[in-house]
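Asker: What follows is a structure written as structure tokens; I'll ask about it next.
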Amino acid sequence: MNKTWRRALILGGLLTAFALRVYKLGDQNIWWDEGLSVLAARMSFTGTTLWTAADVHPPLYFWLLWPWARLAGESEFALRFITVMESLLAAALMVPLGRRLTRHPAVGVAALWLLALSRFHIWWSQEMRMYVLAGLCSLLSLYFTIRIADAPRQWRNHTGWVLATLGAFHTVYSSIVLVPIENLFMLVAGLRRPDRRRFWGRWILTQALVGLGMLPWLALALPRMRSWSVVQEPAALSFVLELNAVLLTLGISTDVGRYAVPAFGVMAIAAAGSIVLLSHQDDCLTRRTRRQRLFLAGLGVLMPPLVIWALAQPRGFFYNPRVEARYLLPFAPVFYLLLAWASAGFRKVRRLRGLTPVALAAVLGLFAWTLPQHYTPRYFKDAYTTLTRTLWAYAEPGDAVLLVSGDRYPIFSSYYDRAPAPANRPPVYRIPQGAFVLTEENVADELASIAARYQRLWLVQIERTLQDPEGLAEVWLAARYPRTLSSDFGYNNLSLFDPSGAPPTVPMWNLPPQHEISATLASGVTLHGYDLLTREFRALDIARVGVYLEAGTDAQIPVAMTGNGGFREEIILDVTSQAGLTRHEARFQILPYTPPGQYTIEIATAAGSLPLGELRVTHTYRAANPDRAAHPMDAQIGEQIRLLGYDLEGARRGDPPQARAGDTLQLQIIWMTPERAPERYTVFTHLIGAAYNPATQGPLWAQDDQTPLEGAYPTDLWIPNIPLRDTYSLTLPPNIPPGRYQLMAGLYAPETGERLAVQGEGALPEQNAILLTSIDVVP
């Protein structure tokens, strides 16, 4: 490989790494650990340092995040970008480290590409956490370790190692794994040196400098460290090794046993190539040096999971973590170096030379195949943005916020206190303060003193089951003050309690609407702006559009969501005459079969309609095609719902289909309604025979009754004229006797059990069911 091609591949690898790490970087809500990082960055520098001293991680990442947050801002993209930069430095370091480790420039380039496409590394490069930085410092430490072994008298190598190792130790405590890895390597590297005593002496002195460099931090942190554990059951070593293999190759941390075969296939490539390297000559390295370097790389791959497993075993001091993917990340680049070197090793054997490009192509292809699974779940949900914006809009002097959130407070705080939060926003009190859970005995003590000091109280409940499962804070406040505002956000709620009982208004000095606009909507009703805080929505999300109105008269204002193909959903805002500015919210529920695509939000005006903004619906189901059903039908149930066909799997072909005891029939039914159903019905799918079933005390032998899409798409929400496909599973019991059975379906009201009348193809009016097919149960 000439220099031009090598430089092109290096540039291409770095650009690829950058693109894959910034793609959808900000399209993910802040999670709990990231919320803690935000809180730490908002403290004073001294406060950040002291907080970190009592935490489970050293301070280097937070020291870097502290100025970065003030420089770049607190958006999800900005705060995570510092990790992207650290990951790019790690990617760039793969080239000189690979060259220094193997004396083959192409190995570093191949390792760069492996790291660039690694889902595992991309995953944590898009998180506001310290593990990528720990990996960067560890790579630098290994790089200077090799340089020290090559040139032990060059003190700049020792200086670089001290700084890199101190950086790793000041980023995550588990970087202590460097000690056995590098000391075992230096022990082996010095065994046959004539000056081994001086060689080892310099090395010990260099390590002593690291120890001295850690003393100030340890003196500050050790008295503040707490001993606590999150381990319920220690992980088995075999599980940790399997998890490590799947993470390094596929970047997947759940259901790892399912992916063990391809993961260990990649491991086998690394092992086979390493054996070839050990047993064949190399023009660039002596056999002894090559074996020493392979020993170092092997330690860098095998030692971290062993140390992480050991640290996760129960003990009585310091933090006792469970085994998690992130702890295995820092040394992942070492595996990619070893894999690249091992793949190149096949070229040492004439018969195996063709394996090098095949192995690298297969591994890179496997890496690329898993990447879409990483990006698909990433989108920014309206979990806290509208909640905090509503609070900001209505807040007045003399307000206070009571936050019932358990340990979720860092997430709420990261949104509530970020720009453009108004400077005069109400103070937040975490409830309870004197106990872990609110009880009838302590609720008054927790709330009364705060209520006495403020005019109005906002109650923010975020996963209240953590600390207020009985809702005692809400009950206590509601018994004493009128509730003048309440808004649900999934499992969370925002309520305003005001002794005056007056409906809240938006003070003119507060934060303006996200989009300021002035338009006359109706006689006496003026629009002053709107909020549309997130733009991508998926099934079961609610698209919230906040409109700021000044109303001198009562009115009904239509707000519509319109899309391609004539789709239109309209919400009517009931506006009452009220002095001042008020915020109203139009809520559009995104259903599983809401057509994917771009939508425009429109509000009716005196002159027609005014577009407010656009949103995008993604990852919903496309309309089912009745023409593709294996068994098309045309039956009607009730006055609105039609059954247009079905598919049956799990039965053997025949006329009629055949099944045996223990088989599971997978039934997919295509439904449609020309207009919204008036209420929610339950679908029943029954397998009826002639014999008596003692378990059901009748002829029913298998059934699956459910609200469509396992409760996600009730019949009263079905979108008119959009066919849907729903799946039902019927398992035949072991004692089902041979014979002919009838597979039928229908709907009933869950409150009464009364079935809807049927007509059309397959209708059985006396049973109010649709006969789909007969099934022969055979021995």
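Asker: Would you confirm whether or not region 147-166 contains a residue that is within 32 Å of the chain's Cα centre (by Cα), crowded, with 24+ Cβ neighbours inside 10 Å, of a type in the set (A, V, I, L, M) and in a helix (DSSP H, G or I)?
Answerer: no
Asker: Residues to consider are Leu667, Leu648; find the one that is under 13 Å from Asp726 (Cα atoms) and open to solvent by less than 20 Å² (accessible area, probe 1.4 Å).
Answerer: On inspection, the qualifying residue turns out to be Leu667.
Asker: Right, here's the next one. Scan region 417-429 for residues that are surrounded by 13 or more Cβ atoms within 10 Å (Cβ to Cβ) and closer than 16 Å to Leu496 by Cα and report the count.
Answerer: Residues flagged as surrounded by 13 or more Cβ atoms within 10 Å (Cβ to Cβ) and closer than 16 Å to Leu496 by Cα within region 417-429 amount to 4.
Asker: Still on this structure: Taking the residues in region 32-49 that are open to solvent by 50 Å² or more (accessible area, probe 1.4 Å) and modelled with pLDDT of 95 or more as candidates, determine which candidate is farthest from the chain's Cα centre (by Cα).
Answerer: Thr46
Residues checked against (1) among the small types (Gly, Ala, Ser); (2) open to solvent by less than 10 Å² (accessible area, probe 1.4 Å):
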residue: Leu339; (1), (2): no, yes
residue: Arg347; (1), (2): no, no
residue: Leu364; (1), (2): no, no
residue: His374; (1), (2): no, no
residue: Asp382; (1), (2): no, no
residue: Leu391; (1), (2): no, yes
residue: Glu396; (1), (2): no, no
residue: Ala400; (1), (2): yes, yes
residue: Val404; (1), (2): no, yes
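Asker: Out of the residues in region 547-574 that are over 28 Å from Asn721 (Cα atoms) and touching a His at 6+ places or on another chain (Cβ under 7 Å), which is surrounded by the fewest Cβ atoms within 10 Å (Cβ to Cβ)?
Answerer: This residue is Glu550.
Asker: Would you mention how many residues in region 606-625 are open to solvent by 30 Å² or more (accessible area, probe 1.4 Å) and on the phi < 0 side of the Ramachandran plot?
Answerer: Qualifying residue count, region 606-625: 11.
Asker: Those residues that are in contact with a helix residue (DSSP H, G or I) (Cβ under 7 Å, 6 or more places away or on another chain), open to solvent by 100 Å² or more (accessible area, probe 1.4 Å) and either modelled with pLDDT of 95 or more or not charged (D, E, K, R) (or both), I need them from region 431-445; list them, please.
Answerer: If the condition is that a residue be in contact with a helix residue (DSSP H, G or I) (Cβ under 7 Å, 6 or more places away or on another chain), open to solvent by 100 Å² or more (accessible area, probe 1.4 Å) and either modelled with pLDDT of 95 or more or not charged (D, E, K, R) (or both), then Gln433 is the only one that fits.
Asker: Could you list all residues from region 87-125 that are open to solvent by 10 Å² or more (accessible area, probe 1.4 Å) and of a type outside the set (A, V, I, L, M, F, W, C)?
Answerer: Pro96, Arg99, Arg100, Arg103, His104, Pro105, Arg119
Asker: OK, next. Please enumerate the residues belonging to region 77-121 that are in contact with a Pro (Cβ under 6 Å, 6 or more places away or on another chain) and of a type outside the set (A, V, I, L, M).
Answerer: Arg99
Asker: Looking at region 363-388 only, could you name the residues that are in a helix (DSSP H, G or I), out of contact with any helix residue (DSSP H, G or I) (no Cβ under 8 Å at 6 or more places or on another chain), farther than 30 Å from Pro503 by Cα and in contact (Cβ under 8 Å) with a residue 40 or more places away in the chain?
Answerer: Residue satisfying the conditions is Tyr375 alone.
Asker: Okay, next question. Anything in region 583-595 that is in a loop (DSSP other than H, G, I, E, B) and surrounded by 19 or more Cβ atoms within 10 Å (Cβ to Cβ)? List them, or say none.
Answerer: Ile590, Leu591, Pro592, Tyr593, Thr594
Asker: Write out, first by first residue and then by second, each pair whose Cβ atoms fall under 6 Å of each other, whose residues are 6+ apart or on separate chains, and whose first residue, in region 626-643, is surrounded by 13 or more Cβ atoms within 10 Å (Cβ to Cβ) while the second is β-branched (Val, Ile, Thr) and outside any helix (DSSP H, G or I).
Answerer: Pairs that qualify, where the first residue is surrounded by 13 or more Cβ atoms within 10 Å (Cβ to Cβ) and the partner is β-branched (Val, Ile, Thr) and outside any helix (DSSP H, G or I), are Pro626/Ile670; Ala629/Ile670; Ala635/Ile770; Ile637/Val758; Gln640/Thr673; Ile641/Thr673; Leu643/Ile770.
Asker: For region 446-467, enumerate the residues that are open to solvent by 70 Å² or more (accessible area, probe 1.4 Å) and small (Gly, Ala, Ser).
Answerer: Ala452
Asker: Test Arg351 against the stated conditions and say whether it is open to solvent by 10 Å² or more (accessible area, probe 1.4 Å), without any contact (Cβ under 8 Å) to a residue 12 or more places away in the chain, part of a helix (DSSP H, G or I) and touching a Ser or Thr at 6+ places or on another chain (Cβ under 9 Å).
Answerer: So Arg351 fails the test.
Asker: Taking region 488-501 only, how many residues are modelled with pLDDT under 95, surrounded by 13 or more Cβ atoms within 10 Å (Cβ to Cβ) and not in a strand (DSSP E or B)?
Answerer: Adding up the residues that qualify gives 1.
Asker: Does region 477-487 contain at least one residue that is of a type outside the set (Val, Ile, Thr), open to solvent by 20 Å² or more (accessible area, probe 1.4 Å), part of a strand (DSSP E or B) and touching a helix residue (DSSP H, G or I) at 6+ places or on another chain (Cβ under 9 Å)?
Answerer: yes
Asker: Assuming Arg293 fulfils every condition listed in (1) open to solvent by less than 20 Å² (accessible area, probe 1.4 Å); (2) of a type in the set (D, E, K, R); (3) closer than 16 Å to Thr249 by Cα apart from one, which condition is it?
Answerer: (3)
Asker: Right, here's the next one. When you scan region 128-146, how many residues do you find that are open to solvent by less than 20 Å² (accessible area, probe 1.4 Å) and touching a Lys or Arg at 6+ places or on another chain (Cβ under 8 Å)?
Answerer: Count: 4.
Asker: Let me ask another. Exactly one of (1) within 30 Å of Trp5 (Cα to Cα); (2) touching a strand residue (DSSP E or B) at 6+ places or on another chain (Cβ under 7 Å) is unmet by Thr102. Its number?
Answerer: Answer for Thr102: the failing condition is (2).
Asker: Are any of the residues in region 232-245 over 19 Å from Ile176 (Cα atoms), modelled with pLDDT of 90 or more and open to solvent by less than 20 Å² (accessible area, probe 1.4 Å)?
Answerer: yes
Asker: So which of Pro656, Pro674 ends up being open to solvent by less than 20 Å² (accessible area, probe 1.4 Å), of a type outside the set (Phe, Trp, Tyr) and not in a strand (DSSP E or B)?
Answerer: After ruling out the rest, the residue left standing is Pro656.
Asker: Does region 57-68 contain at least one residue that is among the aromatic types (Phe, Trp, Tyr) and at pLDDT below 95?
Answerer: No, region 57-68 has no match at all.
Asker: Which residue pairs have Cβ atoms under 8 Å apart, sit 6 or more places apart or on different chains, and have a first residue in region 197-218 that is under 24 Å from Val56 (Cβ atoms) and a second that is of a type in the set (A, V, I, L, M)?
Answerer: Listed pairs, sorted by first residue: Val210/Val162; Val210/Leu166; Gly213/Val162; Gly213/Leu166; Met214/Leu166; Trp217/Ala53.
Residues checked against (1) under 17 Å from Asp776 (Cβ atoms); (2) of a type outside the set (D, E, K, R); (3) within 35 Å of the chain's Cα centre (by Cα):
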{"position": "Gln640", "(1), (2), (3)": "no, yes, no"}
{"position": "Gly654", "(1), (2), (3)": "yes, yes, no"}
{"position": "Gln668", "(1), (2), (3)": "no, yes, yes"}
{"position": "Pro674", "(1), (2), (3)": "no, yes, no"}
{"position": "His686", "(1), (2), (3)": "yes, yes, no"}
{"position": "Leu700", "(1), (2), (3)": "no, yes, no"}
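Asker: Now for a separate question. Scan region 231-251 for residues that are aromatic (Phe, Trp, Tyr) and without any contact (Cβ under 8 Å) to a residue 40 or more places away in the chain and jot them down.
Answerer: Matches in region 231-251: none.
Asker: Would you please list the contacts, defined by Cβ atoms under 6 Å and residues six or more apart or on different chains, that run from a residue in region 456-472 that is in contact (Cβ under 8 Å) with a residue 24 or more places away in the chain to a residue that is among the charged types (D, E, K, R) and open to solvent by less than 30 Å² (accessible area, probe 1.4 Å)?
Answerer: So the pair list comes out as Arg456/Asp399; Arg456/Asp498.
The values are calculated or read from the model by the stated rules, or taken from the named source; none is laboratory data. Predicted model, so just to flag it, every value in this text is computed and none were measured. Backbone-built Cβ (ideal geometry, glycine too); neighbour counts: all protein chains shown. Ligands, DNA and RNA are excluded from the accessible area calculation, which covers all protein heavy atoms including side chains. Shrake-Rupley method; radii C 1.70, N 1.55, O 1.52, S 1.80 Å.
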